[in-house]
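None of the figures in this text is laboratory data; all of them are computed from the coordinates on show. Note that the structure is predicted; figures quoted are calculated from it, not measured. Note that we place each Cβ from the backbone using ideal geometry, even for glycine, and neighbour counts take in every protein chain shown.
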């Protein structure tokens, strides 16, 4: 079925167990990838390394029965597995047809496609079936972008002052995933939440906008993911001098590890580290490609999940701590950098 706004919002928070397939497609691929991440995070579990599995679209073209088989597979951990297919198109139509006609399909399939051709049989099938959710993401511009930005801001307890939405469009390149990450940062800065909303004014945007501290935070992210606690410690000191909160550092690092998790799952699905990085959507910044490719070659899913578990745990502790927030962040970050150190 074709999703309306209420159905989409509900399933981004908690996927309906009756659904066999979620198809995210349309010209705005960044929006589809961002929604896919939100759904995928529902299945992340540090104690279940098989919580997500990736199947290449090319595999389904050659072996369409593989999709229904993966959807029917029972996990040894007892939980449902999310089956993900990226860069799909009408070539997976037979696989989706078999999935929807199968007697058993306990594991949901998350399928991300680009802009499907007019008259796409895959889109038509997904919109007709009562056990699918089809979401079209159109490129947001002008007033449409303002609406998207306002809705995303509301999730974090932010109201956007006049002109701020357009400034965010420029700063994020119209990428909804980057927009959400920036709004998280602003909400922390303003101590905003849905229960205690705050207005994001141009002055705050200028103070901690997308460009402020990014080079230093990126240097911290690279040091941690490369397993260099000594350099990470130096970078944290520089960020502290710039009054960047520890929780912002944690979230900057977490974005890298969520990306590593997604790409490592692609590697374990049969891609080479280089192919996984080259095929990432949204694209990986060219300067970061060599480092991320190297990290994918020497890390494994349990190690990445361990790091994410520590990051999320530290953030929870900071939110309940009276005064030790930056200390807790520093301890967690140094611990993760040590965890990521190459084995000798």
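Ranked by how many other Cβ atoms sit within 10 Å of their own Cβ, fewest first, the residues 117, 343 fall in the order 343, 117. Each principal axis of the chain carries a Cα extent, and these read 59, 54, 36 Å when sorted largest first. Comparing 51, 332, 242 in a Gaussian network model of the chain (Cα springs below 10 Å), the most mobile by mean-square fluctuation is 242.
Distance from the C-alpha centroid of the stretch 1-45 to that of the stretch 221-239: 34 Å, rounded to the whole angstrom.
Over the chain, calculate the relative contact order: mean separation of alpha carbon pairs under 8 Å at least 6 apart, over the residue count, as a percent.
17
Legend: ranking of residues 35, 1 from fewest to most surrounding C-beta atoms inside 10 Å; resulting order 1, 35.
Pairing the Cα long axis of helix 325-339 with the longest principal axis of the chain, what angle in degrees results, from 0 to 90 and rounded to the nearest 10? Orientation of helix 325-339: about 60 degrees from the principal axis. Between residue 53 and residue 341, the modelled labels are 3.7 nm apart [label points 7 Å from Cα along Cα→Cβ]. Distance from the C-alpha centroid of the stretch 245-296 to that of the stretch 141-192: 24 Å, rounded to the whole angstrom. Dividing the helix sum by the residues of the chain, where each DSSP H run of 4 or more adds -39500 (n - 2.57), gives a mean residue ellipticity at 222 nm of -17500 deg cm²/dmol. The label point for residue 37 and the one for residue 151, both projected 7 Å from the Cα toward the Cβ, are 1.8 nm apart.
Modelled spin labels at residue 230 and residue 143, positioned 7 Å past Cα toward Cβ, are 5.9 nm from each other. The C-alpha atoms of the chain define a longest principal axis, and helix 246-268 lies at about 30 degrees to it.
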